[in-house]
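Before any comments, here is the structure.
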Amino acid sequence: MPPPNSSSLPLAAAPMSDPSPSPSPPPNPLAAASSFLHHHLSSLASRFAAPRPAHAAARPPGPHGAAAQPLALGPDEVARALTGTPVFTVCNSSNEFVLVSDPATGLRSLGLLCFRSEDADALLSHVRTRQPVLGKGAKVVPITLDQVYMLKAEGIAFRFLPDPLQIKNALQLKSGLTGFDGVPVFQSDLLVVKKQKKRYCPVYFQKEDIERELRKASKSSKGSALSKQIMVGSLEDVLKKMEINDRNSGWDDLIFIPPGKSLNQHINEVSA
């Protein structure tokens with residue numbers, strides 16, 4: 001999927017300042033989601049059972065007998081794996097990110113990215129209510145995760161607002177957990193494929209999508225048997241692993257599947 005023209009992307013950032021105190025402040029339509037905000041830089045304790053990095057393997061010698069430097073994945077390679085997955089944010093009339101604060105951590109100047117458009121609509125409504133001047137001309141803007149990742153590489157701070165349904169699905173798969181850190185993603189070894197001499201390990205943002213793929217791949221598995229084939233992790237943790245591990249370690253095989261799409265459909269679209 002070709003990226004939108006650069007002119008359609010948020011160009012800078014406009015902070016959403018605290019309004020003057022009022023005796024009865026308007027309700028925050030994002031209050032139900034606020035418990036997620038302080039989690040997004042945390043590391044998930046339980047991780048994917050992804051291929052182990054070959055830290056113990058001897059590296060080939062360099063030109064003067066020294067060990068060759070590891071070939072870590074570059075930002076553009078990590079971003080390529082995220083191509084095509086939309087998230088939603090709020091921009092002002094100048095096409096700048098509207099920045100918010102996270103009261104739980106004290107962090108300010110964060111771009112909030114929603115996996116559901118309705119959550120971005122609620123954020124827009126909140127901006128217009130609390131900051132009428134800033135909210136005038138503000139709008140919800142879609143942006144793809146690969147574009148977000150490259151902006152993050154340039155130093156812009158973001159927080160993701162996950163889909164609450166997928167948080168619930170992740171907690172059901174991870175019995176014993178009462179909370180979840182980050183954006184849940186789902187993976188299964190049964191869905192790893194090789195196409196055109198390249199290995200693909202698909203990672204899904206919706207449990208419903210991976211279950212549909214598993215039903216096609218393993219017709220004998222149903223219900224609880226399907227769930228046992230699904231591993232759950234956090235997007236943030238997986239991206240960190242991709243950043244620190246070498247090429248050919250297995251982490252470079254990951255490809256993130258946009259919600260509602262199949263692996264084959266997505267590969268065909270990004271290869272077109």
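The values are calculated or read from the model by the stated rules, or taken from the named source; none is laboratory data. As the structure is a computational prediction, the values presented were derived from the model and not from experiment. Virtual Cβ from ideal backbone geometry, glycine too; neighbours counted across all protein chains shown. To get the accessible areas, we keep the full protein, side chains included, count just its heavy atoms, and leave off ligands, DNA and RNA. Shrake-Rupley method; radii C 1.70, N 1.55, O 1.52, S 1.80 Å.
With the requirement that a residue be under 17 Å from Ser93 (Cβ atoms), buried (at least 20 other Cβ atoms within 10 Å of the Cβ) and either small (Gly, Ala, Ser) or touching a helix residue (DSSP H, G or I) at 6+ places or on another chain (Cβ under 8 Å) (or both), what does the range 117-126 give you? Answer for the range 117-126, where residues must be under 17 Å from Ser93 (Cβ atoms), buried (at least 20 other Cβ atoms within 10 Å of the Cβ) and either small (Gly, Ala, Ser) or touching a helix residue (DSSP H, G or I) at 6+ places or on another chain (Cβ under 8 Å) (or both): Ala120, Leu124. Taking strands (runs of 3 or more DSSP E) as the structural unit, those lying wholly within the range 104-208 and holding at least 1 residues that are small (Gly, Ala, Ser) and over 19 Å from Lys228 (Cβ atoms) correspond to 107-114. If you take the residues of the range 217-232 that are of a type in the set (S, T, N, Q) and surrounded by 14 or more Cβ atoms within 10 Å (Cβ to Cβ), which of them is modelled with the lowest pLDDT? Result: Ser221.
For the range 159-201, the candidate set comprises residues that are over 23 Å from Ala217 (Cβ atoms) and basic (Lys, Arg); within that set, the residue that is least open to solvent (accessible area, probe 1.4 Å) is Arg159. Of all residues in the range 238-255, those satisfying the criterion of being within 17 Å of Pro202 (Cβ to Cβ), of a type outside the set (Phe, Trp, Tyr) and part of a helix (DSSP H, G or I) are Val238, Leu239, Lys241, Met242, Asp252, Asp253. Considering each residue of the range 175-187, count those that are closer than 20 Å to Phe256 by Cβ and either out of contact with any Ser or Thr (no Cβ under 8 Å at 6 or more places or on another chain) or of a type in the set (D, E, K, R) (or both), and give that number. Here the count works out to 3.
Residues that are under 17 Å from Thr85 (Cβ atoms) and either within 14 Å of the chain's Cα centre (by Cα) or of a type in the set (Ser, Thr, Tyr) (or both): does the range 205-220 have at least one? Yes: one or more hits. Scanning the range 233-252 for residues that are among the acidic types (Asp, Glu) and touching a helix residue (DSSP H, G or I) at 6+ places or on another chain (Cβ under 9 Å), we see that the one that is most open to solvent (accessible area, probe 1.4 Å) is Glu243. Screening Ala157 against (1) of a type outside the set (S, T, N, Q); (2) out of contact with any helix residue (DSSP H, G or I) (no Cβ under 6 Å at 6 or more places or on another chain); (3) within 16 Å of Ser234 (Cβ to Cβ) leaves a single unmet condition, (3).
Only residues that are buried (at least 19 other Cβ atoms within 10 Å of the Cβ) and within 26 Å of Phe186 (Cβ to Cβ) were counted in the range 135-146, giving 4. Per the conditions (1) at pLDDT 55 or above; (2) in contact with a Ser or Thr (Cβ under 7 Å, 6 or more places away or on another chain); (3) not basic (Lys, Arg), the sole criterion not satisfied by Val87 is (2). Of the listed requirements (1) touching an Asp or Glu at 6+ places or on another chain (Cβ under 8 Å); (2) over 26 Å from Leu254 (Cα atoms); (3) at pLDDT 90 or above, Val141 misses just one: (1). Just one of (1) more than 14 Å from the chain's Cα centre (by Cα); (2) among the charged types (D, E, K, R); (3) open to solvent by 70 Å² or more (accessible area, probe 1.4 Å) fails for Lys152. It is (1).
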